[in-house]
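Down below is the structure, laid out as structure tokens.
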Amino acid sequence: MIKIMPESTERMLAVKASDTLTDDDYIGTWLPALEAIIEKYEVANALLYMDADFKGWDIKAMWTDARFCLNHQNDFSKIAIVGGPHWIKWGAQLSEAIMDCEIKTFEPEALQEALQWCSDTIGCACDD
């Protein structure tokens with residue numbers, strides 16, 4: 001399940017993931033909200049917070065996520081990943097090689113720091 005967090009801003013979408021992320025979560029919530037920011041500002045910031053109940057992704061959601069990232073690899077300035085399984089840091093490093101943006105991982109207790117880092121648009125192409 002995915003929910004848009006109230007800390008989201010015009011240019012930064014923050015979401016909280018619980019249980020298992022499904023393709024419906026991506027298609028119904030996550031991707032339309034990101035695409036709206038990209039359409040309006042050309043560049044978005046995103047924060048994914050995986051809470052203690054987060055179990056992972058179903059295979060269809062993983063595929064949708066991968067396709068979206070490839071199609072929008074130049075449309076992000078910053079992506080913050082908070083919490084999640086131990087292998088998330090490795091996945092973030094791999095994504096940073098593909099995406100043309102900064103990607104940073106944070107421990108769950110650093111959520112406020114991650115929100116601050118991700119909502120900072122200094123140097124973002126959308127401020128030009």
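Only residues that are farther than 12 Å from ASP23 by Cβ and open to solvent by 40 Å² or more (accessible area, probe 1.4 Å) were counted in region 51-65, giving 3. Close Cβ contacts (under 7 Å, 6 or more residues apart or on different chains) running from residues in region 106-121 that are open to solvent by less than 60 Å² (accessible area, probe 1.4 Å) to residues that are in a helix (DSSP H, G or I) comprise PHE106/GLU113; PHE106/ALA114; THR121/ASP127. I'd like to check something: does region 4-11 contain any residue that is in contact with a Leu (Cβ under 7 Å, 6 or more places away or on another chain) and among the charged types (D, E, K, R)? There is at least one residue in region 4-11 that is in contact with a Leu (Cβ under 7 Å, 6 or more places away or on another chain) and among the charged types (D, E, K, R). Of the residues making up region 1-24, those that are open to solvent by less than 40 Å² (accessible area, probe 1.4 Å) and in contact with a Phe, Trp or Tyr (Cβ under 9 Å, 6 or more places away or on another chain) are ILE2, MET5, LEU13, ALA14, VAL15, ALA17, SER18, LEU21, ASP23. Screening region 25-50 for residues that are open to solvent by 20 Å² or more (accessible area, probe 1.4 Å) and either in a strand (DSSP E or B) or among the acidic types (Asp, Glu) (or both) and picking the one that is farthest from ALA92 (Cα to Cα) gives GLU39. Each residue in region 67-103 was checked for being closer than 21 Å to GLU42 by Cα and open to solvent by 40 Å² or more (accessible area, probe 1.4 Å), and 11 of them qualify.
The values are calculated or read from the model by the stated rules, or taken from the named source; none is laboratory data. This is a predicted model, so every value here is computed, not measured. So basically every Cβ, Gly included, is an ideal-geometry build from the backbone, and we count neighbours across all protein chains shown. The accessibility values were calculated without ligands, DNA or RNA, using every heavy atom of the protein model including side chains. Shrake-Rupley method; radii C 1.70, N 1.55, O 1.52, S 1.80 Å.
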